[in-house]
Amino acid sequence: TAARRQLAARFHARAVTLFQQYADTQELASLKQAALYAAWACDLDPDSAAHWVMLGQIYLQQSDRNALENADYALSNAYRLAPDDRFVTLLLGETHLLQRRVYSARDYLLPLLVDADQALAARLIPQLVSTYVLNGDVAQGVNQVFAYFSEYPQNIPLATVYTILLATEQRVAPNTQLEARLQQMNGWWRRQQQAPAALKEYMRQTYLEPQS
């Protein structure tokens, strides 16, 4: 009913205020109160993605053993209600990373690179690279990221991840095919006019120059 939604909105606003207080002061009491208000908002208006997102964010700041599971539950509900919300997708993917569910995390995070701005790309790139490197499936990552890069061949964040994975795999299991693909990316970076000069130089010195 309208009355329940209005009350949920008030509880949500209170949760947001308390969550901001926690961010400013790191006082656990504010975080616990925020969790209560956010949970009440979800109970009263379970069809609001915003309420579930707030609850998920609060759980991600908690340290008890059920926190990640609770965050996953809340953010999964938010994603069900708002599958096109990039912030929801980001938080859910990062939650799966924390749970070491790397395959599902990639499914959420990798598509976000397509339209990522500089700040989001800087957040996503190390996360995605680490899922392949630490999981020992860099070769799979090369092919998976290349599938996206082939569709968006001017995408700088995708090119960055692809290049890093190529160079990493070449160092572990060198072969002529990987060498050829690295040379292709070396040419791509040299021709790229939109990438920041600092990024181009970093990629050249760290991943491409040793292969040239």
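Considering only region 41-59, I want to know if a residue exists there that is modelled with pLDDT under 95 and surrounded by fewer than 22 Cβ atoms within 10 Å (Cβ to Cβ).
Taking region 41-59 and keeping what is modelled with pLDDT under 95, we get none.
Within region 41-59 (the criterion being modelled with pLDDT under 95 and surrounded by fewer than 22 Cβ atoms within 10 Å (Cβ to Cβ)), the answer is no, since none of the residues qualifies.
Of T95, T89, all but one fail to be farther than 21 Å from A159 by Cα, open to solvent by less than 50 Å² (accessible area, probe 1.4 Å) and touching an Asp or Glu at 6+ places or on another chain (Cβ under 7 Å); the exception is T95.
Summed over region 95-105, residues that are in contact with a His (Cβ under 9 Å, 6 or more places away or on another chain) and closer than 11 Å to Q127 by Cβ total 2. Only residues that are within 22 Å of L91 (Cβ to Cβ) and open to solvent by 20 Å² or more (accessible area, probe 1.4 Å) were counted in region 130-143, giving 3.
Tallying residues that are surrounded by fewer than 18 Cβ atoms within 10 Å (Cβ to Cβ) and either in contact (Cβ under 8 Å) with a residue 12 or more places away in the chain or closer than 27 Å to A195 by Cβ (or both) within region 103-120 yields 8.
Entry remark, region 153-209: residues being more than 28 Å from A119 (Cβ to Cβ) and touching a residue at least 40 places away in the same chain (Cβ under 8 Å) number 1 in total.
If you go through region 103-146 and keep only what is farther than 17 Å from L166 by Cβ and small (G, A, S), you end up with S104, A105, A116, A119, A121, A122.
Table: residues versus (1) within 21 Å of the chain's Cα centre (by Cα); (2) in a loop (DSSP other than H, G, I, E, B); (3) among the acidic types (D, E).
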| position | (1), (2), (3) |
| --- | --- |
| A121 | yes, no, no |
| S130 | yes, no, no |
| V142 | yes, no, no |
| Y148 | yes, no, no |
| T160 | yes, no, no |
| R171 | no, no, no |
| Q194 | no, yes, no |
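The values are calculated or read from the model by the stated rules, or taken from the named source; none is laboratory data. The model shown is predicted, which means the values in this text are computed figures rather than measured ones. Virtual Cβ from ideal backbone geometry, glycine too; neighbours counted across all protein chains shown. Keep in mind that these areas ignore ligands, DNA and RNA; they rest on the heavy atoms of the full protein, side chains included. Shrake-Rupley method; radii C 1.70, N 1.55, O 1.52, S 1.80 Å.
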